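One structure is given below, encoded as structure tokens.
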């Protein structure tokens, strides 16, 4: 009854033709939220629009009577109540319903890091060309949405170790602000086995200038996990991989101050807090019965 009343209020006094569950209605910038729709006769869900971006609606991976849309909130999003519009077809007519989520500003800390100047502001035309090419290839991949899901069970962590740096910290390299920490760092000496956080397809295996030895796994439906600074690869691009299977060994390649694993995640091209994402999915979409 509370959920129905909440939706009644969110839709400005017009009760929606179908119940909608919005999980995590007050995300921080850099977090994700989830919209779950029940299967309703005569209703076909089209997509959800948030922050000028369209997000697809997919079949729930474990429940054939539900659908879902995963909504990433950019780290650069300002704190505000923001509209989230659901587009659906009732019969042949396209309709829409608007609700709101309240984005909160995360109290992210600052982190000062000292590395080789060559890794902070590379001046070599060759290096600049390389980093631009690597960035372009990565963004093309992150914006590729595989229409099927490989997810059928909860996520696990890529290794069991102490977290040494959380997502979202402002990164100040050699006294100069260079953005924010885009993932979660785990303590790991060189050669520590790193495993896949969940089932998927190995979409990317390469040594890159900033992220060093890099593996990216496509979990389907726009969800990617990333594993940086590896010293050795145990997988090849295109391989199917299972949760818990070894993908490589940790290292200190790329822009680092020492050996560790940088674990990151993307949803529909948007960088998000990886630990919050997998907790959200595990508790609401991949919960084992």
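Which condition number does residue 178 fail, the rest of (1) at pLDDT 95 or above; (2) in contact with a helix residue (DSSP H, G or I) (Cβ under 9 Å, 6 or more places away or on another chain); (3) surrounded by fewer than 16 Cβ atoms within 10 Å (Cβ to Cβ); (4) within 20 Å of residue 139 (Cα to Cα) being met?
(1)
Just the residues that are at positive phi and within 12 Å of the chain's Cα centre (by Cα), please, taken from the range 221-233.
Answer for the range 221-233, where residues must be at positive phi and within 12 Å of the chain's Cα centre (by Cα): 221, 222.
In the range 128-147, which residues are in a helix (DSSP H, G or I) and surrounded by fewer than 12 Cβ atoms within 10 Å (Cβ to Cβ)?
129, 132, 136, 140
Within the range 16-34, can you find the residues that are surrounded by fewer than 20 Cβ atoms within 10 Å (Cβ to Cβ) and at positive phi?
If the condition is that a residue be surrounded by fewer than 20 Cβ atoms within 10 Å (Cβ to Cβ) and at positive phi, then 24 is the only one that fits.
I'd like to know if the range 211-227 contains one or more residues that are modelled with pLDDT under 95, surrounded by fewer than 22 Cβ atoms within 10 Å (Cβ to Cβ) and under 28 Å from residue 71 (Cα atoms).
No, every residue in the range 211-227 fails to be modelled with pLDDT under 95, surrounded by fewer than 22 Cβ atoms within 10 Å (Cβ to Cβ) and under 28 Å from residue 71 (Cα atoms).
Residues checked against (1) buried (at least 17 other Cβ atoms within 10 Å of the Cβ); (2) touching a residue at least 24 places away in the same chain (Cβ under 8 Å); (3) out of contact with any strand residue (DSSP E or B) (no Cβ under 7 Å at 6 or more places or on another chain); (4) under 13 Å from residue 268 (Cα atoms):
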{"position": "36", "(1), (2), (3), (4)": "yes, yes, no, no"}
{"position": "42", "(1), (2), (3), (4)": "no, yes, no, no"}
{"position": "45", "(1), (2), (3), (4)": "yes, yes, no, no"}
{"position": "48", "(1), (2), (3), (4)": "yes, yes, no, yes"}
{"position": "55", "(1), (2), (3), (4)": "yes, yes, no, yes"}
{"position": "64", "(1), (2), (3), (4)": "no, yes, yes, no"}
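The values are calculated or read from the model by the stated rules, or taken from the named source; none is laboratory data. Just so you know, these numbers come straight off a predicted model, no measurement behind them. Neighbour counts run over all protein chains shown; Cβ positions are idealised from the backbone, glycine included.
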